[in-house]
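Laboratory data are not the source of any read-out in this text; all were calculated from the coordinates shown. Every value quoted in this text rests on a predicted model; they were computed, and no experiment measured them. We place every Cβ from the backbone using ideal geometry, glycine too, and count neighbours over all the protein chains shown.
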Amino acid sequence: MDRAGLAEFLRRRRESLQPEDVGLPRGRRRRTNGLRREEVATLCHLSADYYSRLERERGPRPSEQMIASIAQGLHLSLDERDHLFRLAGHHPPTRGTTSEHISPGLLRILDRLTDTPAEVVTELGETLRQTPLGVALTGDLTGYTGPARSIGYRWFTDPACRALYHADDHALHSRVFASGLRATVTLRGPDSWAAHLQRLLLARSEEFRTVWDEHEVGVRYGHVKRFVHPEVGVLELTCQALLDPEQSHSLLVYTAVPGSESHEKLQLLAVIGNQPVTPAQRA
């Protein structure tokens with residue numbers, strides 16, 4: 001571990017970022033060049049004391065998980081992330097389709113979508129990051145572990161997953177998920193995580209086996225997705241996707257037609273967040 005090099009690199013990267021670069025308010029009394037240490041600690045999900053000790057060349061060597069969290073919180077590029085891992089005495093994670101490090105470009109866009117449901121997902125539908133309104137719409141989808149991280153896997157194994165979507169669209173969702181998984185298995189090969197999910201689903205879901213046997217590819221949604229929220233009801237939202245080809249991550253952004261009932265419901269969700277709707281709000 002290169003303590004001095006790690007400390008200097010962290011300081012330089014912290015000082016190069018402005019609050020608006022990471023979705024934080026600037027405030028009126030800011031004298032610090034770049035971000036404050038406590039702001040970085042919050043972004044990295046670390047205590048302010050622990051992060052401060054790293055910049056002062058103190059404390060124990062951070063784990064790989066901590067370094068990954070710091071790299072994401074500081075919006076590092078892949079080259080910068082790998083350099084940070086080496087400074088901490090670790091081997092950098094593998095690049096490519098299995099990487100969970102979100103590119104700074106996608107993060108900058110996501111941080112600015114404060115009034116819009118949006119999420120960054122992998123090619124297998126694993127949610128890596130959501131906007132607050134995205135959490136209000138679908139719940140926190142980042143806490144799943146193992147195969148359940150994939151929405152396609154949850155769709156065929158967890159009935160609660162389907163409650164978020166209009167019942168008339170369930171058959172299409174099944175076809176889309178099976179079709180997408182088939183394309184990914186073919187692209188990534190029999191030893192990939194996608195192929196592992198395929199084998200799990202073939203063993204655990206009769207519906208998946210039925211849909212899989214149709215050998216469909218290229219099945220896609222229309223322009224509108226219908227969500228069913230437990231408090232505000234049905235929302236018809238247009239989904240736009242921005243692809244990061246290097247990481248195979250997609251930024252999904254959900255919007256409603258201005259002036260529509262769904263637009264009004266999104267505005268209500270922005271106010272109430274995850275809190276229950278009062279009778280007055282519903283009216």
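Structure notes:
- In sequence order, the stretch 134-148 has phi-based couplings of x, 5, 5, 6, 10, x, 6, 9, 8, x, 6, 10, x, x, 5 Hz under the Karplus curve 6.51 cos²θ - 1.76 cosθ + 1.60, θ = phi - 60°, and Gly or Pro positions carry x.
- Net charge over other residues, Cβ less than 10 angstrom from the Cβ of K225 (K, R count +1; D, E count -1): -1
- From the coordinates shown, volume of the Cα convex hull per residue in Å³ corresponds to which of (i) 239; (ii) 323; (iii) 152: (iii)
- Summed side-chain charge close to I67 - residues other than I67 whose Cβ falls under 11 Å, Lys, Arg +1, Asp, Glu -1: +1
- The chain: DSSP helices with Cα axial extent of at least 24 Å and average Kyte-Doolittle hydropathy no lower than -0.5: 170-188
- Across the chain, the mean sequence separation of Cα contacts (distance under 8 Å, 6 or more residues apart), normalised by length, yields a relative contact order of 15 percent.
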